[in-house]
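Structure first, then comments.
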Amino acid sequence: MVQEANDIHDSVYQKNASNVVVIKVDEEADLAQYGLRRGIDGLVIWQSDCKTHPRNWSTKRKTFDTTVIILFELYTTIISTTGSVAAAEAASEYGFSRQESLVGFTLMYQLGQALGGFLIPPLSEILGRRMLYLVSCAAFSVFSLITGVVRSPGSVYIGRFVAGLASAVPSVVIAGSVEDIFNTRRRVWIIVLWNAGTTIGLCFGPIYAAYISEAAGWQWIYNSAAIVTAALFVALFGVKESRPSILLGAIINQIKKETTIRHLEWHNPDEARDWKALVRVSIVRPGKILFTEPLVIMVALISASSWGMIYLFTESLTVVYLSLGFTQTQASLPFLAIAVGVLFTFLPRLWDMKAVRDRQRQKVPIQPEDKITGFSFAAPAQAIGLAWFAWTIPPAANNIHWIVPTSALVLVGFAVNETAHTLSGYLADSYLLYSASAFSGLAVVRAIASGLMPLIAHELYTRLNANIAGSVLAALAAVFCVTPWIFFKFSKRLRQRSPFARFSLETHYRTNIEEDPFML
């Protein structure tokens, strides 16, 4: 029998009565059946039209998966801002002081989210997205039920902490899922809707809590959360795994079982061969990013200062609007003005799209810095909105209609969402396949700031009158108006010097199926 010497191709031999026929297996055709091919370096990579790759999924599949995970993120975000209402109602029942109750219902949730935000994103790159969504949704449901049903202070602290830990999964992993499924051109509007929905969810939380608490008691805030997330848990079973490296590994294992093709090496940046590698990827790497990547540090600090404003309002707006004669439930409704402001975030996106079209016509690659123009509008809008609000409320302004300060909240809503959108989108575009890991630092800083804000608001608005307290916030926001200038001046230079950002870009090209004209 004759065997052709070939390091890459295998052969199959058949013998009949007259002679021996050597049939050479066409490795290229066999790999193509699985949607794969060999790159110029000999490694197995995706074919551009492979239907298994998430970028090539059907519109129906993409729509279903994206809708379910965004709904999961939206609902857990709503529950995240219910803490101040529940703290007010439960304090006397459990013998808490106001501060102790806020720690239990708000700070513990955010500390859990901070821990989860640090640990979970890298795990989603090693273990995949789907399993983490399922586990976190189940945990959120169970521990929300514990918070509402088990009548003890410990159940509040533990239940809210674990629920916050679980909520970190949709909060930080969804950026990676969206990057898996959509290229930059299509990802723009998905990110817009996600960020807008998240900010609106923050605004609905206090309203949701106020009306449920009045109708059925504060416990039903969390009993209802358990029911809704149990339904979402069932829906998540219909979501497919989207991490390209996980899917590629599964296909290669299938090829090894079903064919005689050998030498199926492939580039796997997420592989963790032992526990040391797992610790390095899941703890050391995000920690290194958080403390050594200037871009992540800068984005985290700026975003946290803006994002935390809504959590601060969960405590302070009630105080202000009760002084205007509102009832407890009515005092939650001004959050709708913040939600209205979120809708204006679509206007800067039109400018971004124009910039994209202009560069396409010029055949110039789009860089992440080209899509953060809205940030330069958001910073002054927040300072103006806070100053406007601070000096149109009692005691300085007793005869001004409530619509005047409420209108100022529209500017704040726009600013909070626009800052979150532009900066989180910038991280996703800069770190690409590792955007979930890059979000670890953002998640930690933002969650801790959000947990502390209601406590700060309580001290600020009880020790100072509302006008002075509001003026302090407006002054800090005015200082932050210099941050867009700093960002525009230094961000590109920092990104180009970042070894991690460069590695992410290289990995993006090696593990995806298409050249992205939007990235350098």
Of all residues being closer than 17 Å to Ser450 by Cα and without any contact (Cβ under 8 Å) to a residue 24 or more places away in the chain in region 88-114, which is surrounded by the fewest Cβ atoms within 10 Å (Cβ to Cβ)? Just the residue, please. Glu100
Check whether at least one residue in region 115-126 is surrounded by fewer than 21 Cβ atoms within 10 Å (Cβ to Cβ), of a type outside the set (Ser, Thr, Tyr), closer than 30 Å to Ile261 by Cβ and free of Cβ contacts under 8 Å to residues at least 60 places away in the same chain, and report yes or no. no
Determine whether Thr198 is polar (S, T, N, Q), touching a residue at least 40 places away in the same chain (Cβ under 8 Å) and within 24 Å of Glu179 (Cβ to Cβ). yes
Considering Ile190, Ile207, Ile221, Ile200, which residue is within 17 Å of the chain's Cα centre (by Cα), closer than 22 Å to Gly451 by Cα and assigned to a helix (DSSP H, G or I)? Ile200
Can you spot a residue in region 233-242 that is at pLDDT 90 or above, surrounded by 15 or more Cβ atoms within 10 Å (Cβ to Cβ), assigned to a helix (DSSP H, G or I) and acidic (Asp, Glu)? no
Evaluate region 408-421: report whether one residue or more is within 30 Å of Ile126 (Cβ to Cβ) and either touching a residue at least 60 places away in the same chain (Cβ under 8 Å) or in a helix (DSSP H, G or I) (or both). yes
Across region 136-187, the tally of residues that are of a type in the set (A, V, I, L, M, F, W, C) and under 30 Å from Ile366 (Cα atoms) stands at 8
Top-ranked residue of region 330-383 - restricted to ones that are closer than 22 Å to Thr198 by Cα and of a type in the set (D, E, K, R), ranked as modelled with the highest pLDDT: Arg349
Limited to region 14-58, what total is found for residues that are at pLDDT below 75 and of a type in the set (A, V, I, L, M)? 6
Count, please, the residues in region 309-329 that happen to be farther than 25 Å from Ala379 by Cα and either among the aromatic types (Phe, Trp, Tyr) or in contact with a Leu (Cβ under 9 Å, 6 or more places away or on another chain) (or both). 3
Say whether the condition of being on the phi > 0 side of the Ramachandran plot and in contact (Cβ under 8 Å) with a residue 12 or more places away in the chain is met by at least one residue in region 279-302. no
Could you check region 429-503 for helices (runs of 4 or more DSSP H) lying wholly inside it with 2 or more residues that are closer than 21 Å to Ser177 by Cα and modelled with pLDDT of 90 or more? 435-463
Within region 151-172, track down each residue that is among the aliphatic types (A, V, I, L, M) and modelled with pLDDT of 95 or more. Val156, Ile158, Val162, Ala163, Leu165, Ala166
Keeping to region 313-341, report how many residues are without any contact (Cβ under 8 Å) to a residue 12 or more places away in the chain and within 14 Å of Ser84 (Cβ to Cβ). 1
Residue selected from region 357-404 under the condition under 31 Å from the mean Cα position of the chain (by Cα) and of a type in the set (Val, Ile, Thr), by the criterion nearest to Val319 (Cα to Cα): Ile384
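The values are calculated or read from the model by the stated rules, or taken from the named source; none is laboratory data. Values in this document were obtained by computation on a predicted structure and should not be read as measured data. As a convention, Cβ positions derive from the backbone with ideal geometry for all residues, glycine included, and neighbour counts pool all protein chains shown.
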